[in-house]
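Written out below as structure tokens is the structure these notes cover.
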Amino acid sequence: MSELETKERIQPGSAPGEDVAFEIIGDGDFPTTDMSLSIGPAHPATHGVFRIVLEMDGERVKRATPVIGYMHRGFEKLAEYRDYRQIKALVNRHDWLSGFSNELGVALAVETMLEMEVPDRAQWIRMLMAEWNRILNHLMFIGSYALELGAITPMFYAFRERDDIQALMESATGGRLHFTYNQVGGLKIDLPKGFLQESRRISTQVRERLPDYDDLVLGNEIFHGRTKGVGPLSTDVALSIGVTGPTLHATGVPEDSRVTEPYLKYGEIDVKVPVGENGDAFDRFYCLLRRIDASLDIIDQVHDHIPAGPVNSKLPKMVKAPEGATYVRTENPLGQLGYWLESDGGRTPWRLKMRTPSFSNVQAIPHLMEGALLPDAISILGSVFFVVGDIDR
Amino acid sequence: MGLMDQVELPQPVKYVFNWGRKYSLWCFNFGLACCAIEFIAASTSRHDFIRHGVIPFAHGPRQADLLVVSGTLTDKMAPAVKRLYEEMAEPKYVISFGSCANCGGPYWDSYSVTKGVDQIIPVDVYVPGCPPRPEALLDGIIALQHRIQNESLKDRIAGRRLDPVTLGADAPLALEGSSS
Ligand code: SF4
């Protein structure tokens, strides 16, 4: 974390570095009433239909209560009525920015239950795709967070990269957001010809363009003013409410299941987990941005590893998981995603419980917002990266 | 609206008037779910619908002409969408973007999803797909502009709407235009 300068707390209502003395007029028992301010469910700053009710004491937030459920689509119940091939087209939609990583979790869960060997090539390609998907996700948040703080431009830069990566993934999977590329036992089809060259080219290109984001956002004085020291999350609180992903890494805990509990072939390569120090909004954003670098490193390693061979295994006409239950956790772009899959031996799961990262992460919002100023509330809201569909399922 | 809702405008005036309206669609994006990401993609540099005169920076529904409902509408959300639609001033248009907004999409059997935004507000153009490509949205916008060009404002304000267009299912644009 040497790049990060020491944090300085910016005085509310003052320009950076300048002190403002407040003078309290009166004897302090002037009667005031708290105002309750409802932001959302349709508000540009909540990127999605998320509602938050703030109890305000003047400009200060006394209490923040997230109201969720506006995007509840009943995934867990629907999964009980879809067979194992169909589920993956359902689950990649709950966190719509990480479609590939979601399907991966379900595929791994079913494979664990079937004790199925997945061909090596498929596993490496899955990793490649999962990392590209991670970058897609992070780019989106880089754009949208800057947008919430009032900077429109980074969004256009982020989509410049996103469009290239989406085109790349589309050439293999056929989808731009929802890939449905995983299959129980491997992948739907092999990579098209020339995919790896293109993938190498785009990874170099994204790497070359990443300094743009450092200059545009991270090195921006206004951005520093809006995020440094805003909404610090302590490690204890983060761990106690199950925060994961970049939001947790920002507090200095490098917990990442790709490292601590490697799945696929993550154990064979070097995975870097960028961490922050103070857990404030700036650190959260910093971790998110640096995770793109880390993912590009993984992608470069994967390119050299992909072996030849089949990408899927022979499946019976009807995939049926044996009776029993399993829990699979994977590192989704926003944190830890877990699927609890319980089967009674039928053609559909008996129960598919999701542990989604956004759901746990938004629980940090009331802690972060307490005592914050109203303009900071928006900054905090955007810095806890979440996808509404992933909260509500 | 004064005169416009009482008399049919003469053809040349109507032409110029509609031409002006169709190229300044202030758009309010009701981004609900995944499709909203594709909506944003359509507004950024590569697809750039601003070149078609769609301006995605409406400050709120009251300043908007076009409502794009992109994503899954849930029963809990439906009253808010209805209310925002009602806040918009006539003449107003609605594009339903994505299978979820059209008919419930992959959640057609879910207990909490509204099966189509047309159950609560009238839709002008349906763009199918899950998610539709940004190009499909451009196509939908062009279809809507075509419709605005040929429309009678008097009828519109009186609430006489044309039947909705479904991209890919209805007659090609040229035919639709000549029949109305
Ligand atoms: S139509 Fe598909 S992509 Fe669009 S909101 Fe519904 S599930 Fe998501």
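The values are calculated or read from the model by the stated rules, or taken from the named source; none is laboratory data. All values derive from a computational prediction rather than experimental measurement. Because the Cβ atoms are built from the backbone with ideal geometry, glycine has one as well, and the counts that use them run over all protein chains shown. Remember, those area values only see protein heavy atoms, side chains included, never the ligands or the DNA or RNA. Shrake-Rupley method; radii C 1.70, N 1.55, O 1.52, S 1.80 Å.
Numbers below:
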{"quantity": "Local electrostatic count, A:GLU170, Cβ distance below 14 Å [Lys/Arg +1, Asp/Glu -1]", "calculated": "0"}
{"quantity": "Along chain B, longest interval not containing exposed chymotrypsin sites (Phe, Trp or Tyr not before Pro), exposed being DSSP loop plus at most 16 other Cβ atoms within 10 Å", "calculated": "B:112-180"}
{"quantity": "Label-point gap, in nm, between A:PHE156 and A:LEU315 - each point 7 angstrom along Cα→Cβ", "calculated": "4.3 nm"}
{"quantity": "Residues with amide H under 5 Å from that of A:PHE179, placed H, sequence gap 5 or more", "calculated": "A:PHE100"}
{"quantity": "Listed residues A:THR251, A:THR326, A:THR180, most fluctuating in chain A (Gaussian network, C-alpha, under 10 Å)", "calculated": "A:THR326"}
{"quantity": "Global form of the stretch A:237-355, assessed from the alpha-carbon gyration tensor, a/c cut-off 1.5", "calculated": "oblate"}
{"quantity": "Loop-located GluC sites (Glu not before Pro) in the stretch B:1-93 whose Cβ has at most 14 other Cβ within 10 Å (DSSP)", "calculated": "B:GLU8"}
{"quantity": "Trypsin sites (Lys or Arg not before Pro) restricted to DSSP loop in the stretch A:93-196 with at most 11 other C-beta within 10 Å", "calculated": "A:LYS193"}
{"quantity": "Stretch gain in nm, segment A:LYS193-A:LYS77, where the contour uses 0.36 nm per residue and the Cα spacing is subtracted", "calculated": "37.8 nm"}
{"quantity": "In Hz, Karplus ³J(HN,Hα) per residue of the stretch A:264-279 (6.51, -1.76, 1.60; θ = phi - 60°; x = Gly, Pro)", "calculated": "6, 10, 4, x, 8, 10, 9, 10, 9, 10, x, 10, x, 10, 9, x"}
{"quantity": "Within-12-Å neighbourhood charge of A:LEU233 [Cβ basis; K, R +1; D, E -1]", "calculated": "-4"}
{"quantity": "Cβ-based net charge around A:LEU37, under 15 Å, with every Lys or Arg adding one and every Asp or Glu removing one", "calculated": "-2"}
{"quantity": "Farthest toward positive dipole pole in the protein assembly as shown [+1 Lys/Arg, -1 Asp/Glu at C-beta], among A:VAL362, B:ILE50, A:LEU136", "calculated": "B:ILE50"}
{"quantity": "Residues with amide H under 5 Å from that of A:LEU233, placed H, sequence gap 5 or more", "calculated": "A:ASP280"}
{"quantity": "Note, ³J(HN,Hα) from phi for the stretch B:109-118, Karplus 6.51, -1.76, 1.60, rounded to Hz, x at Gly and Pro", "calculated": "10, 7, 7, 10, 9, 6, 8, x, 6, 5"}
{"quantity": "Other-chain or far-sequence residues with amide H under 5 Å of B:ALA64's (modelled H)", "calculated": "B:ALA89"}
{"quantity": "Kyte-Doolittle mean at least -1.0 and Cα axial length at least 20 Å: DSSP H helices in chain A", "calculated": "A:99-114, A:120-148, A:153-173, A:281-305"}
{"quantity": "Chain A: C-alpha gyration tensor shape, a/c 1.5 cut-off, then a/b vs b/c", "calculated": "prolate"}
{"quantity": "Whole-Hz ³J(HN,Hα) from phi, Karplus 6.51 cos²θ - 1.76 cosθ + 1.60, for the stretch A:334-340, glycine and proline x", "calculated": "9, x, 8, 10, x, 10, 9"}
{"quantity": "Computed helical MRE - 222 nm, chain A, DSSP H runs ≥ 4 contributing -39500 (n - 2.57), nearest 500", "calculated": "-13000 deg cm²/dmol"}
{"quantity": "Chain-alone versus full-assembly comparison, the stretch A:82-99, residues with accessible loss of at least 40 Å² (1.4 Å probe)", "calculated": "A:ARG82, A:ARG93, A:TRP96"}
{"quantity": "Tensor-based shape of the stretch A:285-365 (alpha-carbon gyration tensor, a/c under 1.5 rounded, otherwise prolate or oblate)", "calculated": "oblate"}
{"quantity": "Rounded tilt (10° steps) of B:134-149 against the dominant C-alpha axis of chain B", "calculated": "30 degrees"}
{"quantity": "Neighbour-limited loop hits for chymotrypsin sites (Phe, Trp or Tyr not before Pro), the stretch A:77-156 (at most 15 other Cβ within 10 Å; DSSP other than H, G, I, E, B)", "calculated": "A:TYR81"}
{"quantity": "Highest-MSF residue in chain A out of A:LEU288, A:LEU37, A:LEU97 [GNM, Cα springs under 10 Å]", "calculated": "A:LEU37"}
{"quantity": "Cβ neighbours within 10 Å from other chains - mean over B:106-118", "calculated": "4"}
